[in-house]
Structure formats: structure tokens, C-alpha cells
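Novice: Please see the structure below; I have some questions.
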Amino acid sequence: MNFIAIIILCAIAVDFTLNLVADGLNLKHLKGDLPQAFRDVYDADRYRQSQQYLKINTQFGWITAAFNLLLMLVFWFAKGFPLLDQWVRSFQLGPVLTGLVYMGLLLFCRAVLSLPFRIYATFGIEARFGFNTTTWKIYLTDLIKGLLLALLLGAPLLAAILAFFQYAGAHAWWYCWLGVTIYMLGVQFIAPTWIMPLFNKFTPIEDGALKSAILSYAKSINFPLENVYQMDGSRRSTKSNAFFTGFGKHKRIVLFDTLIKQHSVNELVAVLAHEMGHYKKKHIRQSLILGILQTGLMLFLLSHFITYDGLFKAFYMPQQSVYAGMIFFAMLYAPIDFFIAIVMQVLSRKNETAADRFAADTTKDPLAMVAALKKLSVHNLSNLTPHPFYVFLNYSHPPVLKRIQKLAAHKMA
Ligand SMILES: [Zn+2]
């Protein structure tokens, strides 16, 4: 076994152990009695249900992770990578097309093997806790649409990257970076009008108290809002959410129909104020720029490792190729990605607090935000008492009790 293989195996082991430890601590950290702040919205039964939900999801996560790990190790050490390579090369399709077929087959097999787990998560766990509203028909059409979209959007991008690294020499990573950046911006630009409507129905919300409250709030903070849309999230789940899409003048705010049903007008305005806060505080631009920089770093490092013989030897590959190099490099890059993700989560939690504060300041009603957060947590059976280490590794938002505390303190200040 060579040096690169040992590094990758150690990284996998560390990652697996850290997550296991975090999960274990998180489960141990569950508190028997309901936190004071939630006494008015939770009953003991539903609170116990939320803990059950966490336990089941954590255990299911362990099974899934162990299965994936085992599968990967078996494929690796049974020399699956070179065997598949030999077979795909026998079609003599040329380097780019061979790469597309090779990577496509691996991705497809992984998707098929993970399908039973995903089905159980939706129709087993989510259904058991009353969240799932997806029918088999919706589920299957989603799968087919997702597959077609991956082919239509993913394959050309992958082909371009393979071609650059195959033919463009030392400058390849640079061209790729530019190409990927333009491509990502383009996809984000067309997503609200071309991609998202493939999966959900978006309708402008009707004139009435909610719409006028939102528009007058947007005006009060000088937010150029084109329209507010309602999305039929209830097609798949009773869980609720709100988000923000589009660029420039075409900004849209989207509310799940499930959210509108559960919250008062003031609470909905507070939720939207939080979303607009992300925009006003330039968090959206910030994460876009950081994403572009990360892509650059990854492509730069990829360009240095893609012809490194040790990387191919680690996976028993007798012949070098751009496509296999990309896959193996991704495994070597995973630890770097792990650290970047932690830093990004720290930043994200900070931004969430800032957006909460923005909502409290501009609506002058921090308690509406508190009420919205409480209802959301209860409805979605969120964990009220996550362990700090688990939060450190996994949470993009601060734990809800912390957010409520800060909002309440803000009210007094
Ligand atoms: Zn947020």
C-alpha cells in the first residue's frame, strides 16, 4: 500500500470517527425535560417525539454511512477502479467520452445503491413522523427528472472540464475555473424560471393582508422585491421553509404553502425580514465569492495531482487518465474540504445571527421572529438541545434556543 492510500484511509477513518463521536454526544445530550422557552408551544408528547425522531435519524445515518464506507472499500481493494477502466476503454471512445462514461457509470451505480436508503428515509422515517406527503408517482417522476437534469446540465460541464485538462496543458485549471464560475452563475440565473418549476408550482401570492404587509416592509428597507411566490411544498412534505432566489431586479422570495398555513402575518414578515437581511448584509454575495474561491483552490490543487503517479498507484490503476485522476483527487481533497466546511459553518452561523438581528431591528418586533422560530422548531421536530461539538461540525444555523436568547436580549437592549 502506498503513501497516498494511507493518507486517504486515515482521513476516512478520522472523518468517520469524528462524526460517530459527534452523533453519540448529541444523543447523550438530549434533555428529559422541556426547555423553559418552549413550554407554551410544545407538549410533552410531541417533545418526546422530536427526540425519537433524532434518535432514529442518527441510527439510520450510521447504517447508511457504514454501508457506503464498506462499499467504497470493497470496490477499491477488489480493484474495481482498474477493472471498470479496462472495460470502458475497450469501447475506444476517445479520452473525453471515455471519461464521461466512466464517471457516469460510477455515479449511476452509487445512486442506484443508495436508492433503497433514500426510499426508506422518505416512506419509512418521514412517513412515520407524519411529514411525508410524497406519493410514489411524484417520487418516481422526481427521480427521472433529476436524472435527465443531471445528464443535461452535468454532462456538458464535466465534458468541458475533462477536455480542458486533457488538451489545455498547464493553464487548464484556470480555464476550468473561469468556465465553472460562468456556468454556476448561469445555472443560478435560470434556476428560478427554468429548473425549479420542473419540480414545484410557483404562484404569486394573492392580494391581501400578507402581501401588503410584505411589500410595505420591503419598501421600508429599500428592498427591490419583484414578487412574492408561494410554492407547493406540501406536495412532498409537511415541513416548512422559505428561501430567496434570483439576481438583480429579478429577486424573488418564496414561501412554502405549509409555512403560510402555520404562521401569522407578523411571523411571516419576520421570516422574510431575516431572508432579506441576508441580502442586505451581503451574505449572499459573500458566499458566492467564497464558493468561487474554493472552486479555484480545488482546481489548482487538482492540476498538480492529476498526473501524480502515486495517486493512480494507490487505486491500482496501471494507466493515468484525467477522469480517474479527478475521482482519486476528490478523495485526497476530502480532508481539506472538511476543514473548509467547518470554517464556512462558523461564518454561516455568524451570518444567521446577523440576519436575525436585522429582522428584529427593521421589523421592530423581535418577538415575532421568536414566535416564528419556536413554531418552526416544533413543527419540524428540530433538536432543541444539540451538543456543542455536533453544532460545531454540522450546524449552519445556531441552535434555536441560542437564537431565541439573543433575540430576547436584543429586545431588552
Ligand atoms: Zn438565514
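The values are calculated or read from the model by the stated rules, or taken from the named source; none is laboratory data. Note that the structure is predicted; figures quoted are calculated from it, not measured. Neighbour counts are summed over all protein chains in view; Cβ atoms, including those assigned to glycine, are modelled from backbone coordinates with ideal geometry. These accessible areas exclude ligands, DNA and RNA; they are computed on the full protein's heavy atoms, side chains included. Shrake-Rupley method; radii C 1.70, N 1.55, O 1.52, S 1.80 Å.
Novice: Could you tell me the relative contact order of the chain? Use alpha-carbon pairs under 8 Å, at least six residues apart, and round to a whole percent.
Specialist: Numbers: 402 pairs, mean separation 94.3, N = 413.
Computed value for the chain: 23 percent relative contact order.
Novice: Using only the Cα atoms of region 1-59, each taken as one equal point scatterer with no solvent, compute I(q) by the Debye sum, divide by I(0), and report log10 of the ratio at q = 0.13 Å⁻¹.
Specialist: So the normalised log intensities are -0.52.
Novice: Give me the compactness ratio for the chain, meaning the Cα radius of gyration over 2.2 N^0.38 Å.
Specialist: Working: Rg = 23.6 Å, N = 413, 2.2 N^0.38 = 21.7 Å.
In units of the globular-protein estimate, the chain measures up at 1.09.
Novice: Determine the per residue accessible area of the chain with all protein chains present and a 1.4 angstrom probe, expressed in square angstrom. Can you show the working numbers first?
Specialist: Values: 21950 Å² over 413 residues.
Accessible surface, normalised per residue, equals 53 Å².
Novice: While we're looking at this one, here's another question. Between region 234-302 and region 85-101, how many Å separate their Cα centres?
Specialist: Result: 40 Å between the Cα centres.
Novice: Around ALA111, what is the net charge, scoring Lys/Arg as +1 and Asp/Glu as -1 over all other residues with Cβ under 14 Å from its Cβ? Please list the in-between numbers first.
Specialist: Values: positive: ARG110, ARG118, LYS145; negative: ASP142.
Result for the neighbourhood of ALA111: +2.
Novice: Let me ask another. What order, most packed first, do the peptides 303-314, 79-90 have when packing is the mean number of other Cβ atoms within 10 Å of each residue?
Specialist: On the way: 303-314: 17.2, 79-90: 15.4.
The packing order, highest mean first, is 303-314, 79-90.
Novice: Counting pairs of Cα atoms in region 29-74, how many percent are more than 18 Å apart?
Specialist: On the way: 489 of 1035 pairs.
Here the tail beyond 18 Å accounts for 47 percent of pairs.
Novice: Another one. Going by amide H atoms built from the backbone, whose H comes under 5 Å of the H on PHE244, apart from near neighbours?
Specialist: VAL254
Novice: Provide the per-residue ³J(HN,Hα) series for region 378-386, in order, calculated from phi with Karplus coefficients 6.51, -1.76, 1.60 and θ = phi - 60°, each as a whole number of Hz, with x at glycine and proline positions.
Specialist: Using θ = phi - 60°, the values come out as 5, 5, 8, 6, 5, 6, 7, 10, x Hz.
Novice: For the chain, which whole-number percentage of the solvent-accessible area (1.4 Å probe, protein heavy atoms only) is attributable to carbon and sulfur atoms? Before the final figure, lay out each step's value.
Specialist: Details: 14750 of 21950 Å².
C and S fraction of accessible area: 67 percent.
Novice: Related question: In what sequence, largest accessible area first, do PHE77, PHE243 appear using a 1.4 Å probe? Before the final figure, lay out the partial values.
Specialist: On the way: PHE77 80, PHE243 55 Å².
My answer, sorted largest first, is PHE77, PHE243.
Novice: Enumerate the amide H contacts of HIS397 below 5 Å, restricted to partners 5 or more residues apart or on another chain; note that Pro and chain-start residues carry no placed amide H.
Specialist: Amide H neighbours of HIS397, under 5 Å, 5+ apart: none.
Novice: Further question on the same structure: Which ³J(HN,Hα) values in Hz, rounded to whole numbers, follow from the phi angles of region 261-277 under the Karplus curve 6.51 cos²θ - 1.76 cosθ + 1.60, where θ = phi - 60° and Gly and Pro get x?
Specialist: For region 261-277, the Karplus-derived couplings read 5, 8, 10, 6, 4, 4, 5, 5, 4, 4, 4, 5, 4, 4, 4, 5, x Hz, x marking Gly and Pro.
Novice: Hey, another quick one. For region 128-205, what is one quarter of the convex hull surface built on the Cα atoms, given in nm²?
Specialist: On the way: hull surface 31.5 nm².
With the hull built on Cα positions only, its mean projection is 7.9 nm².
Novice: Now for a separate question. With no solvent and one equal point scatterer per Cα, compute the Debye intensity ratio I(q)/I(0) for region 1-135 at 0.13, 0.19, 0.20 Å⁻¹ and report its log10, rounded to two decimals.
Specialist: Summing over Cα pairs of region 1-135 leads to -0.81, -1.19, -1.24.
Novice: Further, regarding this structure: Over region 50-190, what is the mean sequence separation of C-alpha contacts under 8 Å (at least six apart), divided by residue count, expressed as relative contact order in percent? Mind dumping the intermediate values first?
Specialist: Details: 38 pairs, mean separation 32.4, N = 141.
With pairs under 8 Å counted, the relative contact order is 23 percent.
Novice: For a quick check: with amide H placed at 1.01 Å from N, whose amide H comes under 5 Å from GLN230's, ignoring anything fewer than 5 positions away on the same chain?
Specialist: THR203, ILE205, LEU255
Novice: Here is a further query. Note down the accessible area of LYS406, probe 1.4 Å, to the nearest 10 Å².
Specialist: Estimated to the nearest 10 Å², LYS406 gives 110 Å².
Novice: Can I get the semi-axes of region 372-413's equivalent ellipsoid? Compute them from the C-alpha gyration tensor as square roots of 5 times the eigenvalues, in angstrom, largest first. Let's see the in-between values first.
Specialist: Details: eigenvalues 74, 42, 10 Å².
One finds semi-axes of 19, 14, 7 Å for region 372-413.
Novice: Could you work out the relative contact order of region 237-308, using alpha carbon pairs under 8 angstrom and six or more residues apart, expressed as a whole percent?
Specialist: It rounds to 20 percent for region 237-308.
Novice: Set the bar at 20 Å for Cα to Cα. Now go through LYS201/LYS251; LYS239/LYS375; LYS201/LYS261; LYS251/LYS375; LYS145/LYS201; LYS211/LYS261 and name every pair that lies beyond it.
Specialist: Values: LYS201/LYS251 17 Å; LYS239/LYS375 11 Å; LYS201/LYS261 17 Å; LYS251/LYS375 27 Å; LYS145/LYS201 15 Å; LYS211/LYS261 14 Å.
Beyond 20 Å between Cα atoms: LYS251/LYS375.
Novice: Turning to a different aspect of this structure: Taking all protein chains together and a probe of 1.4 Å, list ARG39, ARG235, ARG110, ARG349 from the most accessible to the least accessible.
Specialist: Details: ARG39 125, ARG235 80, ARG110 160, ARG349 35 Å².
Ranked list, largest accessible area first: ARG110, ARG39, ARG235, ARG349.
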